[in-house]
Each structure stands twice: as structure tokens, then as C-alpha cells.
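The values are calculated or read from the model by the stated rules, or taken from the named source; none is laboratory data. Please read all numbers here as calculations on a predicted model, not as lab measurements. All Cβ positions, glycine included, derive from the backbone under ideal geometry; neighbour counts span all protein chains shown.
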Amino acid sequence: MSAVAPLAFVYDRCASRGMRARSQLEMRITGCHAYVDGMGWALAGGTWIDRGADALSSYRPCLSALVDAMRAEAGRREVLCLVHNWGRLATDTTHRLVFQRRIVEAGGWTVTTFGETDRRSRAALTVDCAGGGR
């Protein structure tokens, strides 16, 4: 890719209602924005947040919208999905890997605010998908 800064798409999910859950969500999103700034990345417009039952299901409408937006930009620049930690995608490893594979198939990669990334394992996620997954 060119010298253009990667475009970061921020994702989170929040199943709980209430002030504490909202405060924690806001802190995670603020942390993601600070991480984007610190890395020198560009921030994609908006933040994608699945809430309530959508945050717990295997179908995530906001994550799907993020993947669609990411796919549209992937041909022009490097794209990534930023989450606070892996649990923000899913606490179940199998579901998390499925979501990460969708991001890879859209042309992106995933990173946490703790510096964890699947960037180097993108090829393996793609191979697993081609092989039918596990």
C-alpha cells in the first residue's frame, strides 16, 4: 500500500444497559480514539457499536456495516478494525475468529488497544476459511 495512513474502524459491543455500562463503553471508545491518534492512523467516520441482544448474537448488524464500509475502502488504502480487547468482538474464541475472518475477507486486519493483532496471521485466517474453517 502507499504511504497513506491506515484507516481505523472502531468497533465495540455493549449488551448491558445502565450508567455503568455506558461509562465503560465511553471509556473504551475514548481509549480507541487515543490509540488511533497515537499510532498516526486516520479514523473512519463513526463508531460501530452493537447493543443489547445484537451484542450477544452471532449476527452483528453494526459489525456487518463496518465490514461493508471497510471493504469499500480496502482498495484505496490499508484498513483495520480497532477494538479495545479481543472480548469486544466476542468472548467465545470460535465466534471471535469468525468475526476476524470476516474482517480479513473485507481486506482488513484487527488490532486491540493493547497492541495485539492478527495482521501476521491474516493468511492463516483466510486459509482456514478456504478449508471450511473449524
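Scanning the range 6-36 for residues that are within 17 Å of the chain's Cα centre (by Cα), hydrophobic (A, V, I, L, M, F, W, C) and in a helix (DSSP H, G or I) gives LEU25, MET27, ILE29, CYS32, ALA34, VAL36.
Given the criterion crowded, with 22+ Cβ neighbours inside 10 Å and either on the phi < 0 side of the Ramachandran plot or modelled with pLDDT of 95 or more (or both), identify the matching residue among THR91, THR110. Please lay out each step first, then the result.
On the way: THR91 fails: crowded, with 22+ Cβ neighbours inside 10 Å.
THR110 is the lone residue from the list that is crowded, with 22+ Cβ neighbours inside 10 Å and either on the phi < 0 side of the Ramachandran plot or modelled with pLDDT of 95 or more (or both).
Residue pairs whose Cβ atoms lie under 7 Å apart, sitting 6 or more positions apart in sequence or on different chains, and linking a residue in the range 105-119 that is over 16 Å from VAL36 (Cβ atoms) to a partner that is of a type in the set (A, V, I, L, M, F, W, C) and assigned to a helix (DSSP H, G or I), are GLU105/CYS129; ALA106/VAL67; ALA106/MET70; ALA106/ALA74; GLY107/MET70; GLY107/ALA74; ASP118/LEU125.
Quick check: anything in the range 63-83 on the phi > 0 side of the Ramachandran plot and not hydrophobic (A, V, I, L, M, F, W, C)?
At the first step, the residues of the range 63-83 found to be on the phi > 0 side of the Ramachandran plot are none.
No, the range 63-83 contains no residue that is on the phi > 0 side of the Ramachandran plot and not hydrophobic (A, V, I, L, M, F, W, C).
From (1) closer than 14 Å to TYR11 by Cα; (2) free of Cβ contacts under 8 Å to residues at least 60 places away in the same chain, pick out the condition that doesn't hold for ARG71. So ARG71 meets the others, but not (1).
Taking the range 40-60 only, how many residues are in a helix (DSSP H, G or I) and either among the small types (Gly, Ala, Ser) or without any contact (Cβ under 8 Å) to a residue 24 or more places away in the chain (or both)?
Pass one, the range 40-60, residues in a helix (DSSP H, G or I): 52-55.
So of that shortlist, the ones also either among the small types (Gly, Ala, Ser) or without any contact (Cβ under 8 Å) to a residue 24 or more places away in the chain (or both) come out as 52-53, 55.
Total satisfying the criteria: 3.
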